[in-house]
Each structure stands twice: as structure tokens, then as C-alpha cells.
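Below is one structure; the comments refer to it alone.
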Amino acid sequence: MTIVTETSNPTATDNQHLARIKLKKNEEKRLKGGHCWVYSNEVDTQVTPLTGFEPGQQVVVEDSKGKPVGVAYVNPQSLITGRIMSRDANCVISESLLTHRLKIALSLREKCFDDQCYRWVYGESDGLPGLVVDRFGDYVVVQLNTAGMDVLADQVIAAITKVISPAGILFRNDSSARKQEGLPLTVNIAAGEWPDQLNLVENGVKFVVPAKEGQKTGWFYDHRENRQYLARWVKGKRVLDVFSYVGGWGVQAAVAGADEVLCVDSSELALDYVEKNAALNGVVEKVGTMKGNAFDCLSQLAQEREKFDVIVIDPPAFIKRKKDFKNGLTAYRRLNELAMRLLTRDGLLVSASCSMHLPNDALLDLIRGAGRHVDRQVQIVHQGGQGADHPVHPSIVETQYLKSIFARVLPSF
């Protein structure tokens, strides 16, 4: 178990040499409340023009009266101009600080999980804005999503190596967040060796995932607890796993006692791994695959008069930006309606969303509306969110994004 102490700041020094960014009057209130983002329109650009800073540069953020608010790194090209790393104006963002924060983050995961498979670092919530680290035993996948973290790439490697000495580190720097920061998209081995596939264990079920070509970092640890909850509903049932990826929901359902599972995904690679994971867990005879667009596949299954006892729909984010809300909401509603038409008379729908811009209440309302549209009665039996390795920062609502609604769908009362 990692022991963490907070008796002193290991990186305290004199930061008089750092440049200053001054905020407009009263713009420090949100930051003093715990948030760590500085928006470009909050900076007093007449006093401290943003054009005078380099992407990733470390600065001291000051309020309008010149009082330090904290130390941040900046990117003048981004709407989120600054991200505060420490409230201590004498702190230096360095390998020492990164190592300290990594140890604090690790101590939480070690308390929560027996297997060394988890999201080790979840950005702002772990005091490391712009950094994501997923652990697969002796291997780690890293995303440097901001200019500030990109500048610190070598220090990130050194800090990770100091804390756990992994066999390999992969930089999976191909996220959309990097585009917004004006950064190139790359995937490269940062340290050590790198295997063709990664191994993990979740809820006692074994998986392999593509080490470089998989979605995001290769796995979605955030749904761990929701997939565990599903196990009680699937014994002896026929299950449909839509947007299955490599079978996180579907293979676990088969292991939990489902009679039959059909995994639907548009990626042939992902479905190949569904078959590998079914074989790995001895449930190959229970698990089938269907390749294609999810909406088209659901429509086809309805035309073929197929029925399922449990349906999981876990799509990618349909609402990535606020301006996508209307179109995204329509897509979610249509998806839920199609799924409900395929459920048996007393079926379970698991409707998930990773869209931060879709509030939980809005997801509940569209499930209610979908039920009325197809003349079904809906009972909400459980609501799940992200696991403990995706801790929520109470001052940053953006860190709470995952929703998973378990709804019993009955004939209309």
C-alpha cells in the first residue's frame, strides 16, 4: 500500500522568476472556490496580453489586486487559457510534483481494487489537469491532452517510472482534446517494451484488448461498477450488447450466466476481440457478433422479429459540445426507442451516456419519452455513474460525466 503524507510541499521554492497572468476584477471567485480552469475572457489582457505567453508555459495567476491565486500552466491558443496545478504560489510544476501527485492517486486505486487494472490518473480530479493514465498491470497508457502536460512529457515518464517501474509506457496522444489545444495527434512508445495486446481483469473476468489500435486508451474502466451490477439481471437471459467494443458488457454477462449474448459493433477489430475474450473465459458458445451501424443493426433485428431480455446501449458521446445538444438528444432518443422495441414484455434496458453535456435528468426524461412513444411502461430500478478510479472533483462539474440508467420496460399499464 502506498503511504501518502501532506506535511509539506516537496516543490516549494521562490517563483519570482515566473511570469504573471492577471485576472479581471472578481474573476478569481470561482478559482478560490476550488475550480482550476482560467478562461481566456477572465484574463486582463490589457495588463497581461496572452500573446506574450508560450503554450505550456508556467505562470503565477494573480487576482486584479495582484494577490497570487496559484501556479498554472497556460495555453494562449485555448479557450481554457490556464489550468492551476497548485494554490501555493511558490510551487514549481516539476517531476517532483508529478511524482507526489501520482502517489496520491495510486493510494486511492490501491484501496479500491485488488487487481492492478484501473484508471490511475483522472486529470483535474487527481490534481493533474490534462493527464490521463490507465494501468494494465505492468503497462500504462498515457494521454497528454493539454499543451502544459505535453511540455512535461519527459517528466511524466520519469515520475511514472519512479512510482511503479512499468514494463512499458505508451503515449496515446490522439484524442480530440489535443486538437483543441493545437497539438499534433500521435501514438508512440514512450518507454520500455510494448506488447501486441494488453491483459486486464475486471469483476473477475479476463480480457485482452488491442494495445495500440483500440478505442481511447484501450479499455473503458469507468463502467466497471455498472457492469458488475448488471450481473444480477442476466442469468438465463438473452442479452444484446450494442456498441459492444471488445465485449466489456456482453462477455461479463455471459460469464454471469446469460444463455445467449449478441455483441453489436461497427469495428471488425473490436468484434474479433469479443470472440477472443469469449474464448478466454470459456463462453464462446454463448457469444455471437453482428457488425454494422448500431441504428441499422437494431432496425434489422426488429425486422427479423428478434427479442431480447436485456439490452445494453453504451454509445460514444453523441453530444461532445453544447452546440451538438439538439442533434445528440435526437440520436439518444431514437436509440432508446429502437432498443425498447426489441425487449421482451418484462425486459431490462441499460441506457448509458458518456456525454458530459447530457444531464442525468435529460437522459431520464428521454427514456420516459421513448417508453411512451412505443407504448411501454418504464420503471427506473437503478442509476449508476463512474467508478472510484474516476473520482469527481466537487468544484468541476465536467468531471462527472457518466450516466447509466437501468430501466425495467413493461407493457403499458
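The values are calculated or read from the model by the stated rules, or taken from the named source; none is laboratory data. Treat the numbers as computed from the prediction; the structure is a model and nothing was measured. As a convention, Cβ positions derive from the backbone with ideal geometry for all residues, glycine included, and neighbour counts pool all protein chains shown.
Observations
- Meeting the requirement of 3 or more residues that are touching an Asp or Glu at 6+ places or on another chain (Cβ under 9 Å) and touching a residue at least 24 places away in the same chain (Cβ under 8 Å), the strands (runs of 3 or more DSSP E) wholly within segment 15-84 are 19-22, 37-39, 68-74.
- Any hit, segment 92-112, residues being closer than 21 Å to Trp219 by Cα, hydroxyl-bearing (Ser, Thr, Tyr) and more than 14 Å from the chain's Cα centre (by Cα): no
- Pairs where the first residue, in segment 338-357, is in contact (Cβ under 8 Å) with a residue 40 or more places away in the chain and the second is crowded, with 23+ Cβ neighbours inside 10 Å and of a type in the set (S, T, N, Q), C-beta under 7 Å, 6+ apart: Val350/Ser404; Ser351/Asn336; Ala352/Ser404
- Residues of segment 115-169 that turn out to be closer than 16 Å to Leu97 by Cβ, basic (Lys, Arg) and under 19 Å from the mean Cα position of the chain (by Cα), as a count: 0
- Any hit, segment 315-331, residues being surrounded by 21 or more Cβ atoms within 10 Å (Cβ to Cβ) and at pLDDT 95 or above: no
- Residues satisfying the stated conditions in segment 266-281, i.e. charged (D, E, K, R) and either over 23 Å from Gln215 (Cβ atoms) or free of Cβ contacts under 8 Å to residues at least 60 places away in the same chain (or both): Glu268, Asp272, Glu275
- Selected residue (criterion: surrounded by the fewest Cβ atoms within 10 Å (Cβ to Cβ)) from residues of segment 246-265 that are in contact (Cβ under 8 Å) with a residue 40 or more places away in the chain and part of a helix (DSSP H, G or I): Val255
- Matching residues, segment 33-48, being of a type outside the set (Val, Ile, Thr), out of contact with any Lys or Arg (no Cβ under 8 Å at 6 or more places or on another chain) and either surrounded by 12 or more Cβ atoms within 10 Å (Cβ to Cβ) or at positive phi (or both): Gly34, His35, Tyr39, Ser40
- Set Asp154, Asp150: member being surrounded by fewer than 17 Cβ atoms within 10 Å (Cβ to Cβ) and over 21 Å from Lys276 (Cβ atoms): Asp154
- Count of residues meeting criterion [touching a residue at least 24 places away in the same chain (Cβ under 8 Å) and under 24 Å from Ile80 (Cβ atoms)] in segment 162-186: 11
- The conditions of being part of a loop (DSSP other than H, G, I, E, B) and aromatic (Phe, Trp, Tyr) are not met by Tyr229.
- Flag for Val201 being part of a strand (DSSP E or B) and farther than 25 Å from Tyr401 by Cα: no
- Within segment 282-337, the set of residues being free of Cβ contacts under 8 Å to residues at least 12 places away in the same chain and among the charged types (D, E, K, R) comprises Glu285, Asp296, Glu304, Arg305, Lys323, Lys326.
- Any hit, segment 222-245, residues being surrounded by fewer than 21 Cβ atoms within 10 Å (Cβ to Cβ) and within 30 Å of Ala158 (Cα to Cα): yes
- Count of segment 159-183 residues which are within 16 Å of Asn145 (Cβ to Cβ), surrounded by fewer than 18 Cβ atoms within 10 Å (Cβ to Cβ) and not hydroxyl-bearing (Ser, Thr, Tyr): 5
- Residue tally, condition assigned to a strand (DSSP E or B) and within 16 Å of Val234 (Cβ to Cβ), over segment 282-316: 8
- Against the list (1) in a helix (DSSP H, G or I); (2) surrounded by 20 or more Cβ atoms within 10 Å (Cβ to Cβ); (3) over 25 Å from the mean Cα position of the chain (by Cα); (4) of a type in the set (A, V, I, L, M), the condition Ala279 fails is (2).
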